[in-house]
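Peer 1: This structure is in structure tokens; I'll ask about it shortly.
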Amino acid sequence: MVEVPITIACGNYDRTRAIRDGRVKVEGCATTYLPLYPEEIFFRAFRYQEFDVSELSFSSYIRTVAAGSSAYVGIPAFVSRLFRHSGIYVRADSGIKTPADLKGKRIGLPEYQITAVVWMRGIMQHEYGVLPTDIHWRNGGQEEAGRDERTPLKPIPGLDLQPIGKDQTLVGMLRDGELDALFTARAPSSFLRGEPHIQRLFPDTRATEQAYYKKTRMFR
């Protein structure tokens, strides 16, 4: 029987590793597993529909389904689950000590529609009373310049969302004091290097996440 060649683009997760290493077969298919980072997968999938099977941003997928433009059919396979309190980073000298201090600040994010960032904004709004319209949002490349939204965004009334310069990065702007905080799914390189200007909003993220789960019973 001739096998149908398919590509599967997905992160290198324990939940999907058996497909990557061949222990689990896709019946009738010759599978090529592409272990890419989510940022690249989502951009290529939504912009160019490059993959037969793909991990997708839940937020962007819902948006394309609602717009009637989705090239993919979603299945309920959740390959990555994390609490998102650890993805909020602030400048040490910004005066941000609590979520309420984010109001009126300049906050960077790679894309407004990233699912992880959607959850962070939801947590800020529903747990701490910080609305998206309370913040000055700046979107663009975190480590490399030139990133933009993977699917078009319609203007949101009352929301201050502006792209950063094509030659700027969020990490660089936070370091230079042009941003006060970052909302991101991936730890900034400056934080991983231990640069003194950057720290997490919630220093004890484990305790914060445990308290959130105890209250809401939600684990995305």
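The values are calculated or read from the model by the stated rules, or taken from the named source; none is laboratory data. The shown structure was predicted, so the numbers you read here are calculated from the model rather than taken from an experiment. Glycine gets a Cβ as well: all are built from the backbone with ideal geometry, and neighbour counts include every protein chain shown. Ligands, DNA and RNA are excluded from the accessible area calculation, which covers all protein heavy atoms including side chains. Shrake-Rupley method; radii C 1.70, N 1.55, O 1.52, S 1.80 Å.
Peer 1: From the Cα gyration tensor of region 1-58, with a ≥ b ≥ c the square roots of its eigenvalues, which class applies: rounded if a/c is under 1.5, or else prolate if a/b is larger than b/c, or else oblate?
Peer 2: oblate
Peer 1: What does the charge add up to near Arg220, with Lys and Arg as +1, Asp and Glu as -1, over the other residues with Cβ less than 9 Å from its Cβ? Provide the component values of the computation, followed by the final result.
Peer 2: Working: positive: Arg81, Arg84; negative: none.
Local charge sum for Arg220: +2.
Peer 1: List the chymotrypsin sites (Phe, Trp or Tyr not before Pro) within region 63-146 that DSSP assigns to loop and that have no more than 11 neighbouring Cβ atoms inside 10 Å.
Peer 2: Phe78
Peer 1: Just the number please: accessible area per residue for region 1-143, 1.4 Å probe, all protein chains included, in Å².
Peer 2: Roughly 53 Å² per residue, with all protein chains present.
Peer 1: Ordering Lys103, Lys154 by how much accessible area each has at a 1.4 Å probe, largest first, what is the list?
Peer 2: Lys154, Lys103
Peer 1: Next question. Rolling a 1.4 angstrom probe over the protein chains, ignoring ligands and nucleic acids, what is the accessible area of Cys10 in square angstrom, nearest 10?
Peer 2: For Cys10, the solvent-accessible surface is approximately 10 Å².
Peer 1: Still on this structure, please answer the following. What number, rounded to the nearest 500 deg cm²/dmol, is the helix-based mean residue ellipticity at 222 nm of the chain, given -39500 (n - 2.57) per DSSP H run of at least four residues and division by all its residues?
Peer 2: Per the formula, -7500 deg cm²/dmol.
Peer 1: Continuing with the same structure: Collect residues whose amide H, placed 1.01 Å from N in the peptide plane, falls under 5 Å from the amide H of Leu182; neighbours closer than 5 in sequence don't count.
Peer 2: Residues meeting the criterion, in which the H sits 1.01 Å from N, are Tyr89, Val90, Gly108.
Peer 1: Could I ask something else about it? Is the shape of region 134-220 rounded, prolate or oblate, going by the alpha carbon gyration tensor and its root eigenvalues a ≥ b ≥ c, with a/c under 1.5 for rounded and a/b larger than b/c for prolate?
Peer 2: oblate
Peer 1: Rounded to the nearest percent, how much of the accessible area of region 41-142 (1.4 Å probe, protein heavy atoms only) is carbon and sulfur?
Peer 2: Solvent-exposed carbon and sulfur of region 41-142 make up 56 percent of the total.
Peer 1: Would you work out if region 34-86 is rounded, prolate or oblate? Take a ≥ b ≥ c from the square roots of the eigenvalues of the alpha-carbon gyration tensor; rounded if a/c is under 1.5, else prolate when a/b is larger than b/c, oblate otherwise.
Peer 2: In terms of gyration-tensor shape, oblate.
Peer 1: Among Arg193, Arg175, Arg63, which one moves the most in a GNM of the chain with springs linking Cα atoms closer than 10 Å?
Peer 2: Comparing Arg193, Arg175, Arg63 in a Gaussian network model of the chain, the most mobile one is Arg193.
Peer 1: I'd like the accessible area for Leu131: 1.4 Å probe, protein heavy atoms, all chains in place, Å² to the nearest 10.
Peer 2: My reading of the accessible area for Leu131 is about 70 Å².
Peer 1: Another one. Could you give me the ³J(HN,Hα) list for region 141-153, computed from phi with Karplus coefficients 6.51, -1.76, 1.60 and θ = phi - 60°, whole Hz, x at Gly and Pro?
Peer 2: x, 6, 10, 10, 6, x, 7, 9, 5, 6, 10, x, 10
Peer 1: Quick one: pull the percent of accessible area on region 159-220 belonging to carbon and sulfur, 1.4 Å probe, ligands and nucleic acids left out. Please list the in-between numbers first.
Peer 2: Working: 1800 of 3570 Å².
Of all accessible area on region 159-220, carbon and sulfur atoms account for 50 percent.
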